[in-house]
Amino acid sequence: MAKGPVFIVYGSIVLSTLPVISCTKVEKKTVDKTKPNIVVIYLDDLGYGDISAYGAIGIKTPNIDALANGGIRFTDGHATSATCTPSRYGILTGVYPWRNENAKILPGSAPLIIDTAQVTIPKMLKKNGYQTAVIGKWHLGLGIGDIDWNKRIAPGPNEVGFDYSYILAATQDRVPTVFIDNGYVDNLDSKDPIEVSYERNFEGEPTGKDNPELLTMKWHHGHNNSIVNGIPRIGFMKGGQSARWSDVDIAYHFLDKAKTWVKANKNGPFFLYYALNEPHVPRTPNQRFVGLSGMGPRGDAILEADWCIGEFMKTLNEEGLIENTLIVFSSDNGPVLNDGYYDDAVEKLGNHRPTGPLRGGKYSLFEAGTRVPFVTYWKGKIKPNVSDAMVCQLDLLASIAKLVRVEENTGDSQDLLDVFMGKSNKGRESLILEATSRTALRKGDWIMIPPYKGPAINKETNIELGNSEGYQLFNLKVDIGQQNNLTKSNPEKLKEMINDFVKIRGEGYSKIEKLELH
Ligand code: NG6
Ligand code: CA
């Protein structure tokens, strides 16, 4: 929380033109220019083609566009993974998620997967005088197993560097459907304790599977356990009635918390990880946004998130923080339409292409799995531009360390501060991409996907996963849609890519079946 008095801050030029008023004491706060505020705005399952600044035609996202067009719009920016938990692990720790075998999509009751001794962006910044907060979706586990949701839940975000945490534990479709405020379930009535299980139902509690008559949203695959607000979820819960969230108010609630926290910490420096839940399932836009996109709840949820970002930016502006705040905007993985509920995402899509020109989607090793909207914005400091440099969310840790002049690196995270600031176009040379524990190598314009067993297309989500019996090699410069497998015509390149891949992946590669190269 804010400490000390609130000072009026004048830039030196303005100050020198001010008339000297003898009896008014003007206190000048020295703004530490080496310590700007940093805000990461992180969406959930937003695709490369989902916002107008990235080419969407059927949907208008003016507030995200303002960031993208007023900052650097990266065309080759990546999440570390094609699903949530590993990407969030990567962005906060600067470590490849495939190094941590627990960095997989987690149930709501899973233990914390970040080691409390590990470096994280908030921890590094906190040590250097920052106030730090996470508001929104967590999905990195809590506690050490067997959580009692009626007591303080720890370790969690507060134990890995966040001074303040206001989160939903996992996902909107997983229990417990409650907010957690600095480790305590918010609004919990001790006379109605909350119980959670991912193994079995609590006696007498209705489920999506057995009680379809109670549902306001129908499940398509998975999502047939406990029912909260008419929506069937993953996992079982009981009690905690007063603490249960209202699905249609989640976006507002997090926005409100984010604005309040920024105002209370405006004297900075601060780091806010604002992790919106949209457009992840179940898509429950507030009434104000229902029907606005013409694409059903998925499109409406994107418009709602865009509006929240606009409101949040207004707060930064009103508080005079906009010129001293670096904003990073991105998404945790690529898009999916049918992720387990009937919500018209497929039926009402029209001409909209959530993946833009890319192949695959969430869960996929093809580009649309990890290539996501990625923007850096800093009014007055970053000149608007478009960058084709390859960058990854993994690189924020080392780059932010450089920005605030501290020595910190993890080996995996690369210092790309100049690229993020628009001073250089030299991004990463190579990057390991991950999707549901499978990995591939990106190097320059090339991507090599090793052979993986498993279906080519997931029948439920209808997404091409990137599995194939043989190696796949694409040159993205001429084939962004990954249509031409060049393994046969470029055996030398393939060999080089396999060698580099094995060098980085090490023993993890043993899981992959090596096929003969012809
Ligand atoms: C999957 C869920 C999906 C979503 C995903 C996590 C089923 C059938 N599917 O297991 O709906 O919750 O996990 O998404 O249950 S993520 O964006 O948090 O990675
Ligand atoms: Ca996600």
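Annotations for the structure displayed:
- Number of the condition not met by G161 [criteria: (1) outside the structural domain of D256 (by TED's automatic domain parsing); (2) open to solvent by less than 10 Å² (accessible area, probe 1.4 Å); (3) away from ligand 1 (no atom under 16 Å from the Cβ)]: (1)
- Among the conditions (1) among the charged types (D, E, K, R); (2) within 30 Å of N475 (Cβ to Cβ); (3) buried (at least 23 other Cβ atoms within 10 Å of the Cβ), R359 misses just one, which is (3).
- Helices (runs of 4 or more DSSP H) within segment 44-157 that include 2 or more residues within 16 Å of ligand 2 (Cβ to nearest atom) and out of contact with any Phe, Trp or Tyr (no Cβ under 8 Å at 6 or more places or on another chain): 84-93
- Subset of segment 211-243 [buried (at least 19 other Cβ atoms within 10 Å of the Cβ) and among the charged types (D, E, K, R)]: R233, K238
- Among the residues of segment 305-327, just one is among the β-branched types (V, I, T), in a helix (DSSP H, G or I) and touching a residue at least 60 places away in the same chain (Cβ under 8 Å), namely I309.
- Restricting attention to segment 160-189 and to residues that are of a type in the set (G, A, S) and more than 21 Å from D339 (Cα to Cα), the residue that is nearest to ligand 2 (Cβ to nearest atom) turns out to be S165.
- Restricting attention to segment 444-453, the residues being open to solvent by 50 Å² or more (accessible area, probe 1.4 Å) and either over 18 Å from S489 (Cα atoms) or among the aliphatic types (A, V, I, L, M) (or both) number 1.
- Segment 84-128, residues that are of a type in the set (K, R) and within 14 Å of ligand 1 (Cβ to nearest atom): R88, K104
- Residues that are crowded, with 24+ Cβ neighbours inside 10 Å and among the hydrophobic types (A, V, I, L, M, F, W, C) were ranked within segment 134-158; the one that is farthest from L43 (Cα to Cα) is W149.
- Candidates D256, D192, D210: the one that is acidic (D, E), in contact (Cβ under 8 Å) with a residue 12 or more places away in the chain and not in a strand (DSSP E or B) is D192.
- Take the conditions (1) away from ligand 2 (no atom under 16 Å from the Cβ); (2) buried (at least 20 other Cβ atoms within 10 Å of the Cβ); L433 misses just one of them, which is (1).
The values are calculated or read from the model by the stated rules, or taken from the named source; none is laboratory data. Predicted model, so just to flag it, every value in this text is computed and none were measured. Glycine gets a Cβ as well: all are built from the backbone with ideal geometry, and neighbour counts include every protein chain shown. The protein model used for the area step is the full one, side chains on, heavy atoms only, and it has no ligands, DNA or RNA in it. Shrake-Rupley method; radii C 1.70, N 1.55, O 1.52, S 1.80 Å.
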